[in-house]
Amino acid sequence: MEDVIAHYYFRPDERTTPEEAAQAIAEEETTGTWTALTTRQDYVRRLDGIVESVEKSGRGYLTLIRYPAEIFEPGNIPQYLSVVAGNLFGLGRLEAVRLTDVEFPESLARFNGPNFGTEGVRHLLGTRNRPHVGTIIKPKVGLTPADTAHVAYEAASGGVDFIKDDETLTNQSFCPMNERVEAVMARLDEAKDETGRQVLYAVNVSDRADRIVERAEEALERGANTLMVDVLTCGYAALQALAEEPGISVPIHVHRTMHAAMTRNPEHGIAMRPIARLVRMAGGDQLHTGTVSGKMGHNAEELLLDNRALTDPWYGFRPVFPVASGGLHPGKVHAELATLGTEIVLQAGGGIHGHPDGTAAGARAMRQAVDAFLEGISASEYAKDHVELYRALELWGTS
Ligand code: 3PG
(Lines give C-alpha, C1' and ligand atoms only; values in the text may rest on other atoms or scores of the structure.)
Protein backbone atom coordinates (compact mmCIF):
# COMPACT_ATOMS: atom_id res chain seq x y z
CA MET A 1 0.00 0.00 0.00
CA GLU A 2 1.46 3.34 -1.04
CA ASP A 3 -1.40 5.67 -0.25
CA VAL A 4 -3.58 6.42 2.76
CA ILE A 5 -6.89 4.56 2.93
CA ALA A 6 -9.51 6.18 5.15
CA HIS A 7 -12.62 4.25 6.20
CA TYR A 8 -15.77 6.28 6.75
CA TYR A 9 -19.38 5.62 7.65
CA PHE A 10 -21.73 8.32 6.39
CA ARG A 11 -25.37 9.18 5.86
CA PRO A 12 -26.13 11.62 3.02
CA ASP A 13 -28.99 14.11 3.10
CA GLU A 14 -32.05 13.42 0.94
CA ARG A 15 -30.76 15.53 -2.01
CA THR A 16 -27.50 13.60 -2.31
CA THR A 17 -26.77 10.09 -3.59
CA PRO A 18 -24.27 7.95 -1.63
CA GLU A 19 -21.79 8.18 -4.51
CA GLU A 20 -22.05 11.98 -4.61
CA ALA A 21 -21.55 12.16 -0.87
CA ALA A 22 -18.41 9.99 -0.94
CA GLN A 23 -17.09 12.02 -3.87
CA ALA A 24 -17.76 15.23 -1.95
CA ILE A 25 -15.53 13.95 0.90
CA ALA A 26 -12.76 12.91 -1.49
CA GLU A 27 -12.81 16.26 -3.27
CA GLU A 28 -13.13 18.45 -0.18
CA GLU A 29 -10.09 16.83 1.39
CA THR A 30 -7.92 16.90 -1.73
CA THR A 31 -8.06 19.04 -4.86
CA GLY A 32 -11.72 20.08 -5.07
CA THR A 33 -14.27 22.26 -3.37
CA TRP A 34 -18.06 22.83 -3.61
CA THR A 35 -17.86 23.98 -7.26
CA ALA A 36 -15.68 23.35 -10.33
CA LEU A 37 -12.37 25.22 -10.23
CA THR A 38 -10.76 26.92 -13.21
CA THR A 39 -7.47 26.62 -11.30
CA ARG A 40 -7.60 22.81 -10.93
CA GLN A 41 -4.75 22.27 -13.39
CA ASP A 42 -4.24 18.88 -15.00
CA TYR A 43 -0.99 18.30 -13.11
CA VAL A 44 -2.83 18.82 -9.81
CA ARG A 45 -5.33 16.04 -10.56
CA ARG A 46 -2.81 13.32 -9.62
CA LEU A 47 -3.54 14.38 -6.03
CA ASP A 48 -7.29 13.74 -6.35
CA GLY A 49 -8.83 11.60 -3.62
CA ILE A 50 -10.28 8.40 -5.09
CA VAL A 51 -13.51 6.80 -3.87
CA GLU A 52 -12.62 3.11 -3.80
CA SER A 53 -15.96 1.71 -2.69
CA VAL A 54 -19.39 2.63 -1.35
CA GLU A 55 -21.63 0.06 0.29
CA LYS A 56 -24.81 0.07 2.33
CA SER A 57 -24.42 -0.34 6.10
CA GLY A 58 -27.34 0.05 8.51
CA ARG A 59 -28.96 3.48 8.06
CA GLY A 60 -26.02 4.73 5.99
CA TYR A 61 -23.02 3.68 3.91
CA LEU A 62 -19.40 2.67 4.28
CA THR A 63 -16.83 4.13 1.94
CA LEU A 64 -13.09 3.70 1.46
CA ILE A 65 -11.29 6.77 0.20
CA ARG A 66 -7.75 6.65 -1.07
CA TYR A 67 -5.69 9.78 -0.49
CA PRO A 68 -2.41 9.98 -2.45
CA ALA A 69 0.58 9.82 -0.09
CA GLU A 70 2.02 12.94 -1.72
CA ILE A 71 -0.69 15.07 -0.09
CA PHE A 72 0.75 14.26 3.32
CA GLU A 73 3.80 15.80 4.93
CA PRO A 74 5.69 12.84 6.46
CA GLY A 75 5.90 13.02 10.25
CA ASN A 76 3.28 15.79 10.61
CA ILE A 77 0.32 14.19 12.43
CA PRO A 78 -1.68 17.45 12.74
CA GLN A 79 -1.49 17.73 8.94
CA TYR A 80 -2.48 14.05 8.48
CA LEU A 81 -5.59 14.76 10.56
CA SER A 82 -6.51 17.84 8.56
CA VAL A 83 -6.85 15.57 5.55
CA VAL A 84 -8.47 12.39 6.86
CA ALA A 85 -10.48 14.10 9.60
CA GLY A 86 -10.82 17.66 8.41
CA ASN A 87 -13.60 19.78 6.89
CA LEU A 88 -15.57 16.69 5.87
CA PHE A 89 -17.36 16.53 9.24
CA GLY A 90 -19.15 19.78 8.51
CA LEU A 91 -20.26 19.14 4.93
CA GLY A 92 -23.94 20.08 4.70
CA ARG A 93 -24.70 17.26 2.22
CA LEU A 94 -23.84 14.71 4.90
CA GLU A 95 -26.18 14.29 7.84
CA ALA A 96 -23.52 12.27 9.63
CA VAL A 97 -20.00 11.05 8.91
CA ARG A 98 -17.55 9.06 11.03
CA LEU A 99 -13.91 8.18 10.47
CA THR A 100 -13.85 4.55 11.57
CA ASP A 101 -10.27 3.59 10.69
CA VAL A 102 -7.29 4.74 8.71
CA GLU A 103 -4.41 2.84 7.09
CA PHE A 104 -1.07 4.57 6.58
CA PRO A 105 1.66 3.41 4.21
CA GLU A 106 5.10 2.78 5.68
CA SER A 107 6.40 6.03 4.16
CA LEU A 108 4.05 8.00 6.43
CA ALA A 109 4.55 5.82 9.51
CA ARG A 110 8.20 6.67 10.10
CA PHE A 111 7.89 7.60 13.75
CA ASN A 112 9.81 6.28 16.73
CA GLY A 113 6.59 4.99 18.30
CA PRO A 114 6.54 3.87 21.95
CA ASN A 115 9.93 3.94 23.67
CA PHE A 116 8.79 1.37 26.24
CA GLY A 117 5.47 -0.17 25.28
CA THR A 118 4.05 -3.15 27.15
CA GLU A 119 7.34 -5.03 27.47
CA GLY A 120 9.30 -1.97 28.53
CA VAL A 121 6.81 -1.10 31.25
CA ARG A 122 6.74 -4.73 32.42
CA HIS A 123 10.54 -4.72 32.52
CA LEU A 124 10.54 -1.68 34.84
CA LEU A 125 8.10 -3.38 37.20
CA GLY A 126 9.40 -6.94 36.85
CA THR A 127 6.01 -8.45 36.02
CA ARG A 128 4.97 -11.22 33.64
CA ASN A 129 1.73 -12.88 32.63
CA ARG A 130 -0.55 -10.82 34.80
CA PRO A 131 -2.49 -7.61 34.35
CA HIS A 132 -1.16 -4.49 36.02
CA VAL A 133 -3.35 -2.86 38.63
CA GLY A 134 -3.36 0.91 38.67
CA THR A 135 -5.11 3.67 40.51
CA ILE A 136 -6.02 7.26 39.87
CA ILE A 137 -5.55 9.42 42.95
CA LYS A 138 -9.01 10.55 44.15
CA PRO A 139 -10.37 13.09 44.79
CA LYS A 140 -9.08 14.07 41.35
CA VAL A 141 -8.51 17.64 42.50
CA GLY A 142 -8.22 19.35 45.87
CA LEU A 143 -5.70 17.26 47.81
CA THR A 144 -2.49 18.92 48.96
CA PRO A 145 0.84 17.45 47.80
CA ALA A 146 1.32 15.80 51.20
CA ASP A 147 -2.12 14.20 51.17
CA THR A 148 -1.72 13.13 47.54
CA ALA A 149 1.55 11.46 48.55
CA HIS A 150 -0.11 9.76 51.49
CA VAL A 151 -2.84 8.31 49.26
CA ALA A 152 -0.13 7.15 46.83
CA TYR A 153 1.77 5.49 49.70
CA GLU A 154 -1.35 3.65 50.84
CA ALA A 155 -2.09 2.45 47.31
CA ALA A 156 1.50 1.27 46.85
CA SER A 157 1.49 -0.51 50.20
CA GLY A 158 -1.71 -2.26 49.19
CA GLY A 159 -0.11 -3.62 46.03
CA VAL A 160 -0.87 -1.42 43.00
CA ASP A 161 1.69 -1.35 40.19
CA PHE A 162 0.80 2.04 38.89
CA ILE A 163 -0.50 5.37 40.19
CA LYS A 164 -1.56 8.33 38.11
CA ASP A 165 -2.74 11.89 38.40
CA ASP A 166 -6.21 12.48 37.11
CA GLU A 167 -6.80 14.23 33.81
CA THR A 168 -7.74 17.56 35.36
CA LEU A 169 -4.80 17.78 37.77
CA THR A 170 -1.76 19.55 36.34
CA ASN A 171 -0.08 22.41 38.23
CA GLN A 172 -2.84 24.19 40.13
CA SER A 173 -2.07 26.29 43.19
CA PHE A 174 -3.65 23.80 45.63
CA CYS A 175 -1.24 21.08 44.47
CA PRO A 176 1.78 22.45 42.56
CA MET A 177 3.32 19.81 40.34
CA ASN A 178 6.91 20.06 41.55
CA GLU A 179 5.96 19.82 45.19
CA ARG A 180 3.57 16.95 44.43
CA VAL A 181 6.16 14.93 42.51
CA GLU A 182 8.75 15.30 45.27
CA ALA A 183 6.25 14.33 47.95
CA VAL A 184 4.82 11.35 46.05
CA MET A 185 8.20 9.95 45.00
CA ALA A 186 9.49 10.19 48.58
CA ARG A 187 6.51 8.22 49.89
CA LEU A 188 6.81 5.67 47.07
CA ASP A 189 10.46 5.16 48.06
CA GLU A 190 9.26 4.52 51.59
CA ALA A 191 6.72 1.98 50.31
CA LYS A 192 9.43 0.34 48.22
CA ASP A 193 11.69 -0.04 51.26
CA GLU A 194 8.82 -1.80 53.02
CA THR A 195 7.50 -3.98 50.20
CA GLY A 196 10.47 -4.31 47.85
CA ARG A 197 8.16 -3.36 44.98
CA GLN A 198 8.68 -0.56 42.46
CA VAL A 199 5.56 1.45 41.61
CA LEU A 200 5.22 3.82 38.66
CA TYR A 201 3.70 7.27 39.22
CA ALA A 202 2.49 9.07 36.08
CA VAL A 203 2.66 12.83 36.52
CA ASN A 204 0.23 14.76 34.36
CA VAL A 205 2.40 17.25 32.46
CA SER A 206 -0.35 18.40 30.07
CA ASP A 207 0.33 22.02 29.17
CA ARG A 208 0.51 24.40 26.24
CA ALA A 209 2.71 23.37 23.30
CA ASP A 210 5.67 25.61 24.07
CA ARG A 211 5.89 24.49 27.70
CA ILE A 212 5.11 20.77 27.83
CA VAL A 213 8.66 19.45 27.37
CA GLU A 214 9.99 21.89 29.96
CA ARG A 215 7.28 20.81 32.38
CA ALA A 216 8.17 17.15 31.80
CA GLU A 217 11.82 17.89 32.48
CA GLU A 218 10.93 19.61 35.74
CA ALA A 219 8.96 16.53 36.80
CA LEU A 220 11.87 14.25 35.88
CA GLU A 221 14.34 16.41 37.84
CA ARG A 222 12.15 15.79 40.88
CA GLY A 223 12.23 12.03 40.42
CA ALA A 224 9.17 11.29 38.25
CA ASN A 225 9.38 7.77 36.80
CA THR A 226 6.44 8.08 34.35
CA LEU A 227 4.75 10.97 32.57
CA MET A 228 1.14 11.41 31.60
CA VAL A 229 -0.44 13.51 28.88
CA ASP A 230 -4.06 14.29 27.95
CA VAL A 231 -3.49 13.61 24.27
CA LEU A 232 -6.69 14.99 22.78
CA THR A 233 -6.61 18.29 24.61
CA CYS A 234 -2.85 18.79 24.12
CA GLY A 235 -2.63 17.23 20.66
CA TYR A 236 -0.72 14.28 19.21
CA ALA A 237 2.19 16.59 18.44
CA ALA A 238 2.62 17.26 22.16
CA LEU A 239 2.83 13.52 22.82
CA GLN A 240 5.31 13.13 19.98
CA ALA A 241 7.41 15.98 21.35
CA LEU A 242 7.64 14.22 24.72
CA ALA A 243 8.33 10.79 23.22
CA GLU A 244 11.07 12.09 20.91
CA GLU A 245 12.81 14.34 23.44
CA PRO A 246 16.20 12.68 24.04
CA GLY A 247 16.28 13.67 27.72
CA ILE A 248 12.97 11.94 28.47
CA SER A 249 13.54 8.29 29.21
CA VAL A 250 10.44 7.22 31.13
CA PRO A 251 7.15 5.71 29.89
CA ILE A 252 4.33 7.99 28.77
CA HIS A 253 0.82 7.20 29.96
CA VAL A 254 -1.83 8.60 27.62
CA HIS A 255 -5.27 9.71 28.83
CA ARG A 256 -7.99 10.30 26.23
CA THR A 257 -10.14 12.84 28.08
CA MET A 258 -12.59 14.54 25.62
CA HIS A 259 -12.59 11.47 23.36
CA ALA A 260 -16.32 10.83 23.74
CA ALA A 261 -17.09 14.12 21.95
CA MET A 262 -15.60 12.35 18.93
CA THR A 263 -16.10 8.64 19.63
CA ARG A 264 -19.49 8.30 21.27
CA ASN A 265 -21.97 8.91 18.45
CA PRO A 266 -21.83 5.69 16.35
CA GLU A 267 -22.72 7.65 13.19
CA HIS A 268 -20.58 10.77 13.54
CA GLY A 269 -17.13 11.81 14.66
CA ILE A 270 -13.93 9.82 14.99
CA ALA A 271 -13.83 6.25 16.28
CA MET A 272 -11.28 5.16 18.88
CA ARG A 273 -9.32 3.07 16.34
CA PRO A 274 -7.71 5.96 14.44
CA ILE A 275 -6.97 7.62 17.78
CA ALA A 276 -5.25 4.43 18.99
CA ARG A 277 -3.14 4.21 15.83
CA LEU A 278 -2.05 7.85 16.07
CA VAL A 279 -1.15 7.51 19.75
CA ARG A 280 0.98 4.46 18.92
CA MET A 281 2.77 6.31 16.12
CA ALA A 282 3.29 9.39 18.29
CA GLY A 283 4.90 7.36 21.06
CA GLY A 284 2.36 6.60 23.82
CA ASP A 285 3.32 3.62 25.99
CA GLN A 286 -0.07 3.10 27.67
CA LEU A 287 -3.45 4.29 26.39
CA HIS A 288 -6.94 4.36 27.89
CA THR A 289 -9.24 2.54 25.49
CA GLY A 290 -12.21 1.73 27.73
CA THR A 291 -13.80 -1.06 29.72
CA VAL A 292 -16.49 -3.66 29.13
CA SER A 293 -18.28 -3.06 32.43
CA GLY A 294 -17.28 0.38 33.77
CA LYS A 295 -19.04 3.72 34.13
CA MET A 296 -18.56 4.97 30.56
CA GLY A 297 -20.47 3.74 27.51
CA HIS A 298 -18.91 0.59 26.04
CA ASN A 299 -18.92 -1.77 23.08
CA ALA A 300 -16.83 -4.88 23.76
CA GLU A 301 -16.44 -5.86 20.12
CA GLU A 302 -15.08 -2.44 19.14
CA LEU A 303 -12.88 -2.28 22.24
CA LEU A 304 -11.18 -5.57 21.39
CA LEU A 305 -10.38 -4.28 17.91
CA ASP A 306 -9.12 -0.97 19.35
CA ASN A 307 -6.81 -2.86 21.70
CA ARG A 308 -5.57 -4.94 18.77
CA ALA A 309 -4.66 -1.72 16.95
CA LEU A 310 -2.37 -1.07 19.92
CA THR A 311 -0.86 -4.54 20.10
CA ASP A 312 -0.88 -6.21 16.66
CA PRO A 313 2.40 -6.15 14.72
CA TRP A 314 2.57 -2.80 12.86
CA TYR A 315 5.64 -1.42 11.11
CA GLY A 316 7.87 -2.54 13.97
CA PHE A 317 6.19 -0.28 16.57
CA ARG A 318 6.31 -1.69 20.08
CA PRO A 319 2.90 -2.82 21.42
CA VAL A 320 1.15 -0.26 23.61
CA PHE A 321 -0.33 -1.33 26.98
CA PRO A 322 -4.13 -0.92 26.75
CA VAL A 323 -5.66 0.63 29.88
CA ALA A 324 -9.17 -0.23 31.09
CA SER A 325 -10.35 2.58 33.34
CA GLY A 326 -13.52 4.33 34.49
CA GLY A 327 -15.87 2.92 37.11
CA LEU A 328 -13.98 -0.31 37.80
CA HIS A 329 -13.92 -2.04 41.19
CA PRO A 330 -12.91 -5.51 42.38
CA GLY A 331 -16.31 -6.99 41.51
CA LYS A 332 -15.80 -6.05 37.86
CA VAL A 333 -12.30 -7.47 37.47
CA HIS A 334 -13.47 -10.89 36.31
CA ALA A 335 -15.63 -9.51 33.48
CA GLU A 336 -12.82 -7.21 32.30
CA LEU A 337 -10.13 -9.88 32.24
CA ALA A 338 -12.41 -12.56 30.77
CA THR A 339 -13.05 -10.30 27.77
CA LEU A 340 -9.88 -8.23 27.45
CA GLY A 341 -7.25 -10.77 28.51
CA THR A 342 -4.37 -10.22 30.89
CA GLU A 343 -2.13 -7.94 28.77
CA ILE A 344 -3.95 -4.97 30.21
CA VAL A 345 -3.71 -2.29 32.90
CA LEU A 346 -6.82 -2.32 35.08
CA GLN A 347 -7.30 1.02 36.81
CA ALA A 348 -9.65 1.85 39.64
CA GLY A 349 -9.99 5.22 41.31
CA GLY A 350 -13.26 5.12 43.24
CA GLY A 351 -13.00 1.31 43.23
CA ILE A 352 -9.88 1.55 45.42
CA HIS A 353 -10.18 4.78 47.42
CA GLY A 354 -13.90 4.16 48.06
CA HIS A 355 -13.20 0.83 49.79
CA PRO A 356 -14.88 0.90 53.23
CA ASP A 357 -11.52 0.21 54.94
CA GLY A 358 -9.52 2.74 52.92
CA THR A 359 -7.07 2.91 50.07
CA ALA A 360 -4.60 0.17 51.09
CA ALA A 361 -7.46 -2.28 51.63
CA GLY A 362 -8.95 -1.22 48.29
CA ALA A 363 -5.68 -1.91 46.49
CA ARG A 364 -5.42 -5.31 48.19
CA ALA A 365 -8.99 -6.12 47.14
CA MET A 366 -8.18 -5.29 43.48
CA ARG A 367 -5.08 -7.48 43.57
CA GLN A 368 -7.05 -10.29 45.22
CA ALA A 369 -9.71 -10.08 42.51
CA VAL A 370 -6.97 -10.38 39.88
CA ASP A 371 -5.38 -13.33 41.73
CA ALA A 372 -8.79 -15.03 41.90
CA PHE A 373 -9.21 -14.69 38.15
CA LEU A 374 -5.71 -15.99 37.45
CA GLU A 375 -6.34 -18.98 39.71
CA GLY A 376 -9.67 -19.68 37.97
CA ILE A 377 -11.73 -19.04 41.11
CA SER A 378 -14.76 -16.75 41.27
CA ALA A 379 -14.30 -13.51 43.21
CA SER A 380 -17.09 -14.50 45.61
CA GLU A 381 -15.38 -17.81 46.39
CA TYR A 382 -11.96 -16.17 46.81
CA ALA A 383 -13.50 -13.54 49.09
CA LYS A 384 -14.34 -16.21 51.67
CA ASP A 385 -10.78 -16.08 52.97
CA HIS A 386 -9.69 -12.65 51.66
CA VAL A 387 -11.31 -10.04 53.85
CA GLU A 388 -10.50 -6.97 51.71
CA LEU A 389 -12.12 -8.54 48.68
CA TYR A 390 -15.04 -9.67 50.81
CA ARG A 391 -15.62 -6.11 52.04
CA ALA A 392 -15.41 -4.72 48.49
CA LEU A 393 -17.91 -7.21 47.10
CA GLU A 394 -20.20 -6.57 50.04
CA LEU A 395 -20.27 -2.87 49.07
CA TRP A 396 -20.24 -3.01 45.26
CA GLY A 397 -21.30 -6.54 44.32
CA THR A 398 -19.98 -8.38 41.28
CA SER A 399 -21.56 -6.57 38.36
C1 3PG B 1 -9.85 7.82 34.75
O2 3PG B 1 -8.88 8.57 34.70
O3 3PG B 1 -10.02 6.86 33.98
C4 3PG B 1 -10.92 8.09 35.78
O5 3PG B 1 -10.54 9.13 36.60
C6 3PG B 1 -11.30 6.83 36.51
O7 3PG B 1 -11.84 7.07 37.80
P8 3PG B 1 -12.79 6.00 38.51
O9 3PG B 1 -12.06 4.69 38.58
O10 3PG B 1 -13.08 6.57 39.88
O11 3PG B 1 -14.02 5.89 37.67
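The values are calculated or read from the model by the stated rules, or taken from the named source; none is laboratory data. Here the structure is a predicted model, which is why all the values come from computation and not from measurement. When we count neighbours, we look across all protein chains shown, and the Cβ atoms used for this are built from the backbone with ideal geometry, even at glycine.
If you go through region 218-249 and keep only what is out of contact with any helix residue (DSSP H, G or I) (no Cβ under 7 Å at 6 or more places or on another chain), touching a residue at least 60 places away in the same chain (Cβ under 8 Å) and aliphatic (A, V, I, L, M), you end up with just Met228. Taken over region 129-146, the criterion of being within 16 Å of the ligand (Cβ to nearest atom) and buried (at least 18 other Cβ atoms within 10 Å of the Cβ) is satisfied by Pro131, His132, Val133, Gly134, Thr135, Ile136, Ile137, Lys138, Leu143.
Please determine whether any residue of region 157-175 is in a loop (DSSP other than H, G, I, E, B), surrounded by fewer than 21 Cβ atoms within 10 Å (Cβ to Cβ) and over 25 Å from the mean Cα position of the chain (by Cα). Yes: one or more hits. Those helices (runs of 4 or more DSSP H) of region 252-366 in which at least 3 residues are more than 16 Å from the ligand (Cβ to nearest atom) and within 11 Å of the chain's Cα centre (by Cα), considering only elements entirely within it, cover 272-282. Restricting attention to region 147-173, the residues that are over 21 Å from Glu217 (Cα atoms) and more than 16 Å from the ligand (Cβ to nearest atom) add up to 6.
Listed here are the residues, each with its yes/no results for (1) touching a Ser or Thr at 6+ places or on another chain (Cβ under 6 Å); (2) surrounded by fewer than 18 Cβ atoms within 10 Å (Cβ to Cβ); (3) at pLDDT 95 or above.
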{"residue": "Leu232", "(1), (2), (3)": "no, no, yes"}
{"residue": "Ile252", "(1), (2), (3)": "no, no, yes"}
{"residue": "Met258", "(1), (2), (3)": "yes, yes, yes"}
{"residue": "Asn265", "(1), (2), (3)": "no, yes, yes"}
{"residue": "Ala276", "(1), (2), (3)": "no, no, yes"}
{"residue": "Ser293", "(1), (2), (3)": "no, no, no"}
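Within region 80-90, does at least one residue satisfy the condition of being within 23 Å of the chain's Cα centre (by Cα), small (Gly, Ala, Ser) and buried (at least 17 other Cβ atoms within 10 Å of the Cβ)? The answer is yes, given that some residue of region 80-90 is within 23 Å of the chain's Cα centre (by Cα), small (Gly, Ala, Ser) and buried (at least 17 other Cβ atoms within 10 Å of the Cβ). When Arg256 is tested against the conditions (1) closer than 15 Å to Asp101 by Cα; (2) in contact with a His (Cβ under 6 Å, 6 or more places away or on another chain), the lone failure is (1).
Among the conditions (1) within 25 Å of Ala191 (Cβ to Cβ); (2) away from the ligand (no atom under 14 Å from the Cβ); (3) part of a loop (DSSP other than H, G, I, E, B), Leu389 misses just one, which is (3). Please enumerate the residues belonging to region 63-111 that are charged (D, E, K, R) and either in contact with a Cys (Cβ under 7 Å, 6 or more places away or on another chain) or not in a loop (DSSP other than H, G, I, E, B) (or both). The answer is Arg66, Glu70, Glu95, Arg98, Asp101, Glu103, Glu106. Annotation: Pro114 fulfils all but one of (1) in contact (Cβ under 8 Å) with a residue 40 or more places away in the chain; (2) more than 15 Å from the ligand (Cβ to nearest atom); (3) not in a loop (DSSP other than H, G, I, E, B); the unmet one is (3). When Ala241, Ala186 are checked against the criterion of being hydrophobic (A, V, I, L, M, F, W, C), crowded, with 18+ Cβ neighbours inside 10 Å and not in a loop (DSSP other than H, G, I, E, B), Ala241 stands alone in meeting it.
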